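Accompanying notes for the structure given below.
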Amino acid sequence: MLLLIALAHSRMLHAGGSDLTAPAGGGPIDVAIQWVLTSTVDARSAPLFGLLFGYGLVQLTRRHSGPDGDSARARRLIRRRGAWLVVFGAVHVVLLYSGDIIGSYGLFAVVLAGAVSWSGRRLWVVGVAALAISAAAYSVLQMMAGAGDASAAVGSNLLESALLRATALPVLPIAALTVAPAALIGIWAGRMRLLEQPDRYGPLLRRAVLIGFPVSVLGAQPVALQAAGVWTPGTSGVGVIALVVFSVTGIAGGIAFAAAIALVATRIGDRRGRVTSALVACGRRSMTFYIAQSPVWLVATEPSLLDLGGRLSVLTAVGVAIGTWVATVVIADALQRAGRRGPAEALLRHLTYRSRSRRPEPA
């Protein structure tokens with residue numbers, strides 16, 4: 001998941017920037033890589049994050065209220081944790097990166113903490129409605145990105161850039177709308193223990209992979225072909241439809257990624273080598289190492305620092321993203337071997353549970 005997010009964020013280093021439909025130029029290899037990333041990563045990694053977040057809310061509820069479902073105490077805990085995630089996200093935006101998603105998931109938890117106890121039918125009905133609304137919201141955000149100046153995300157110095165990033169905070173409710181569908185699906189999957197029992201749900205997971213990836217890739221083509229410089233919409237209306245299809249089918253990609261990972265984990269079982277153990281360590285500290293990627297983008301794009309925003313080729317930008325992710329995995333493995341939690345997870349846990357007289361044992 002964090003590798004996919006790093007690849008998605010690498011866009012800010014090449015000429016395409018935050019506008020998903022803008023070609024980055026370069027040679028045939030650069031064009032091919034951009035087409036692949038737009039087809040398989042952009043707007044497909046965020047739904048994976050959302051699905052796992054919703055799944056985690058169910059696990060948290062189960063841990064604090066037993067197997068019979070939600071309780072008032074668990075809902076209060078989810079809302080308190082969500083409120084702190086909003087704070088984390090706001091600080092992340094101002095100090096490091098305007099495209100934060102932590103705050104969006106925090107706002108979802110504050111507003112829809114009770115969704116963990118909804119019936120399956122209600123989850124799907126609300127999820128479909130949220131998908132329609134979020135697709136429209138996503139299209140608006142993308143059109144804003146396309147209409148904006150590529151240099152507007154940074155100022156002439158670090159303080160000016162921080163103030164510019166702070167102007168993105170009012171967009172948080174819209175961003176929260178875009179994460180709701182995947183998070184609600186994650187809650188449904190968590191209630192079924194879909195990822196925890198891949199042996200039982202193997203056929204369903206395989207269908208999710210075999211159907212989800214083709215739907216996701218095909219639905220991305222109206223945008224991916226624009227990013228590759230192959231096709232241009234004849235009218236603005238066609239461009240909006242392309243973005244809506246791109247957003248809606250991204251959910252299928254997120255589901256397919258989650259299902260594929262579950263199937264691979266089943267094959268691995270207890271045979272964990274050094275690489276698998278390091279990936280597990282990074283996953284257990286996912287918020288820490290999601291945030292840890294942001295200083296790289298800050299240093300790389302700030303005019304007062306390296307000033308590389310929009311200057312690298314797609315191939316080089318992808319290399320920076322992969323290198324950043326590998327470094328975080330290595331550090332996570334070192335923390336695991338030292339028996340230490342991720343700093344962000346430790347702080348969030350402290351803030352969430354400090355008002356409780358008794359802290360629950362880790363799951």
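Screening the candidates A90, A83, A135, A72 for the property of being within 25 Å of V248 (Cα to Cα) and among the small types (G, A, S) yields one hit, A135. As a summary of the residue check, T276 satisfies the conditions (1) surrounded by fewer than 20 Cβ atoms within 10 Å (Cβ to Cβ); (2) of a type in the set (S, T, Y); (3) within 23 Å of L37 (Cβ to Cβ) except for the one numbered (3). Residues in segment 265-282 include at least one that is in contact (Cβ under 8 Å) with a residue 40 or more places away in the chain, among the aliphatic types (A, V, I, L, M) and in contact with an Asp or Glu (Cβ under 6 Å, 6 or more places away or on another chain).
Each row is one residue, and each column tells you yes or no for (1) part of a helix (DSSP H, G or I); (2) of a type in the set (V, I, T).
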{"residue": "H92", "(1), (2)": "yes, no"}
{"residue": "V116", "(1), (2)": "yes, yes"}
{"residue": "V125", "(1), (2)": "yes, yes"}
{"residue": "A129", "(1), (2)": "yes, no"}
{"residue": "A135", "(1), (2)": "yes, no"}
{"residue": "M143", "(1), (2)": "yes, no"}
{"residue": "P173", "(1), (2)": "yes, no"}
{"residue": "R200", "(1), (2)": "no, no"}
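Of G26, G16, G56, all but one fail to be touching a residue at least 24 places away in the same chain (Cβ under 8 Å), part of a loop (DSSP other than H, G, I, E, B) and closer than 22 Å to G250 by Cα; the exception is G16. Scanning segment 164-178 for residues that are touching a Gly at 6+ places or on another chain (Cβ under 7 Å) and more than 13 Å from L141 (Cα to Cα) turns up just one, L164.
Within the set A208, A262, the sole residue that is touching a helix residue (DSSP H, G or I) at 6+ places or on another chain (Cβ under 8 Å), under 29 Å from G89 (Cα atoms) and assigned to a helix (DSSP H, G or I) turns out to be A262.
Listed by first and then second residue, the pairs linking a residue in segment 101-124 that is more than 17 Å from L177 (Cβ to Cβ) to a residue that is small (G, A, S) and surrounded by fewer than 20 Cβ atoms within 10 Å (Cβ to Cβ), with Cβ atoms under 7 Å apart and 6 or more places separating them unless they lie on different chains, are S117/G69.
Cβ-Cβ contacts under 9 Å between residues 6 or more apart (or on different chains), taken from a first residue in segment 349-360 that is closer than 16 Å to G106 by Cα and of a type in the set (D, E, K, R) to a second residue that is at pLDDT 85 or above and not in a helix (DSSP H, G or I), are listed as R349/R341. Restricting attention to segment 101-123, and to residues there that are over 21 Å from A43 (Cβ atoms) and not aliphatic (A, V, I, L, M), which single residue is nearest to the chain's Cα centre (by Cα)? Filtering segment 101-123 for residues that are over 21 Å from A43 (Cβ atoms) and not aliphatic (A, V, I, L, M), the one nearest to the chain's Cα centre (by Cα) comes out as G114. Given the condition under 22 Å from H350 (Cβ atoms), assigned to a helix (DSSP H, G or I) and either in contact with a strand residue (DSSP E or B) (Cβ under 6 Å, 6 or more places away or on another chain) or in contact (Cβ under 8 Å) with a residue 24 or more places away in the chain (or both), answer yes or no: does some residue in segment 37-53 qualify? For segment 37-53, residues under 22 Å from H350 (Cβ atoms), assigned to a helix (DSSP H, G or I) and either in contact with a strand residue (DSSP E or B) (Cβ under 6 Å, 6 or more places away or on another chain) or in contact (Cβ under 8 Å) with a residue 24 or more places away in the chain (or both): present.
Do any helices (runs of 4 or more DSSP H) lying entirely in segment 287-356 carry at least 1 residues that are among the acidic types (D, E) and surrounded by 18 or more Cβ atoms within 10 Å (Cβ to Cβ), and which ones are they?
314-338
Under the condition of being more than 26 Å from V240 (Cβ to Cβ) and touching a helix residue (DSSP H, G or I) at 6+ places or on another chain (Cβ under 6 Å), the residues counted in segment 121-133 number 1.
The values are calculated or read from the model by the stated rules, or taken from the named source; none is laboratory data. If you're wondering where the values come from, they're calculated on a predicted model, not measured in any experiment. Here the Cβ is made from the backbone with ideal geometry for all residues, glycine too, and neighbour counts use every protein chain on show.
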